[in-house]
1. For segment 293-321, enumerate the residues that are within 14 Å of the ligand (Cβ to nearest atom) and either part of a loop (DSSP other than H, G, I, E, B) or touching a strand residue (DSSP E or B) at 6+ places or on another chain (Cβ under 6 Å) (or both).
2. Within segment 269-283, can one find any residue that is buried (at least 16 other Cβ atoms within 10 Å of the Cβ), within 16 Å of the ligand (Cβ to nearest atom) and within 14 Å of the chain's Cα centre (by Cα)?
3. Which condition from (1) surrounded by 24 or more Cβ atoms within 10 Å (Cβ to Cβ); (2) in a helix (DSSP H, G or I); (3) free of Cβ contacts under 8 Å to residues at least 60 places away in the same chain is the one that residue 232 breaks?
4. For segment 107-204, give me every one of the strands (runs of 3 or more DSSP E) that falls completely inside it and has 1 or more residues that are more than 12 Å from the ligand (Cβ to nearest atom), closer than 29 Å to residue 242 by Cβ and modelled with pLDDT of 95 or more.
5. Within the bounds of segment 62-73, is there any residue that is under 28 Å from residue 123 (Cα atoms), under 20 Å from the mean Cα position of the chain (by Cα) and surrounded by fewer than 24 Cβ atoms within 10 Å (Cβ to Cβ)?
6. Can you pull out every residue in segment 268-290 that is assigned to a helix (DSSP H, G or I) and closer than 20 Å to residue 189 by Cβ?
7. For the list (1) exposed (fewer than 15 other Cβ atoms within 10 Å of the Cβ); (2) in the same structural domain as residue 285 (by TED's automatic domain parsing); (3) in a loop (DSSP other than H, G, I, E, B), I need the number of the one condition that residue 26 fails.
Ligand SMILES: Cc1ncc(COP(=O)(O)O)c(C=O)c1O
C-alpha cells in the first residue's frame, strides 16, 4: 500500500542500528535469536523514541503557525525532555506541565529540561491527575492572551500525528530485517502512552510487514492499552483521511508493571546491570528494563515459540537511571 507521508523535520539520527545480541540470546533467548533496534541512539539529548514522533509533530506545528509548544508528563518524562531540546533547537519556547512536586533538586530529565530553557510548572500528583487537561488549556489561553499560538502536545506525543514516527520506524525495521535475512520476527517494545506501539502496529498491518508487534505496558493494564493504541490509530485515520484498520490487532503483554509506574524491583535493576555487562546496552528502570524483563519472561513461557527471531525495540530513557541510581546498590 502506498502511504503519503506528511512533512517531517530531520531531528533524529536515523536509521538506527539493528544489532544481534549474541550473549543475551545465549542467556535469555531459549533458542530464539534476540535482536535490538537501537532507538536509544536516535540522538543524545534527543535520544529515544520520542524524537521520531516529534519530527512529525514539530513539522505540523510549524505548518500550522504555532510558535510555542506545551506538553505534559511525569517529573522525569523523557518526552518532556526531548520536547524541551527540540524547542531549543527550533527556537520555539517550550512549557512543560509536570506531575509531581519540585523538590528543588534537579536530576536526570528534569535537570535537562531546565538546561534547555523550558518553562516548567510542577503540580502535586492529585492536582495534576484531576486537572491535567484544564491546566494545559489554562496555559494555552495564557499564551493566546499574549498573542502567541501554543500547540498542546498530548502525553508522550501519542496521537494520530505522533503515530507517523513509528509507522515509518516499522518500515525502517523491515529493511533492517531484510538486510540480515530475517523473514519473520516478533517485535517487543515498552508501552507507556501507546504511540510507539500504535505506529509499529499500524505500519505492520498496512504494509503487511512480517512483524508481530507486542507492547509491554509499564502502567495501566491490557484493556487500557488495547483501547489507547486503537484510538491513536483511529485518530491517525481521521486526521489524514487514510483507511486505518477498523479493529487493529493490539497485542499487550500485561503483568510487568510491578509495584507501579516508575517503581522497579531489585530484579529489574539486576537485569539492567546484567545486560549492561553482557552487551554494553543500558536499559532504564521505568520503561525498557520492565519491557525487557517482560520479553524474557514471555520467552520462558513459550509465547514466541515457532518463530526464531525476536526484536527488542530499545526506546531510550537512559537519563532515568540517574534519579534511581540507589536501585543499583541493592542486593
Ligand atoms: C524510554 C521510553 N520508552 C518507552 C516509552 C513508551 O512509549 P509510548 O509512550 O509511545 O508508549 C516511553 C514513554 O512513554 C519512554 O520514555
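The values are calculated or read from the model by the stated rules, or taken from the named source; none is laboratory data. This is a predicted model, so every value here is computed, not measured. Note: ideal-geometry Cβ built from the backbone for every residue, glycine included; neighbour counts use all protein chains shown.
1. Within segment 293-321, 294, 295, 312, 313, 314, 315, 316, 317 qualify.
2. Yes, segment 269-283 contains at least one residue that is buried (at least 16 other Cβ atoms within 10 Å of the Cβ), within 16 Å of the ligand (Cβ to nearest atom) and within 14 Å of the chain's Cα centre (by Cα).
3. Here residue 232 clears every test but (3).
4. Those strands (runs of 3 or more DSSP E) span 150-153, 185-191.
5. No, segment 62-73 has no match at all.
6. 268, 271, 272, 275, 276, 279, 288, 289, 290
7. Here residue 26 clears every test but (3).
Residues checked against (1) within 14 Å of the ligand (Cβ to nearest atom); (2) touching a helix residue (DSSP H, G or I) at 6+ places or on another chain (Cβ under 9 Å); (3) free of Cβ contacts under 8 Å to residues at least 60 places away in the same chain:
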position: 39; (1), (2), (3): yes, yes, no
position: 47; (1), (2), (3): yes, yes, no
position: 53; (1), (2), (3): yes, yes, no
position: 57; (1), (2), (3): yes, yes, no
position: 61; (1), (2), (3): no, yes, no
position: 69; (1), (2), (3): no, yes, no
position: 74; (1), (2), (3): yes, yes, no
position: 80; (1), (2), (3): yes, yes, yes
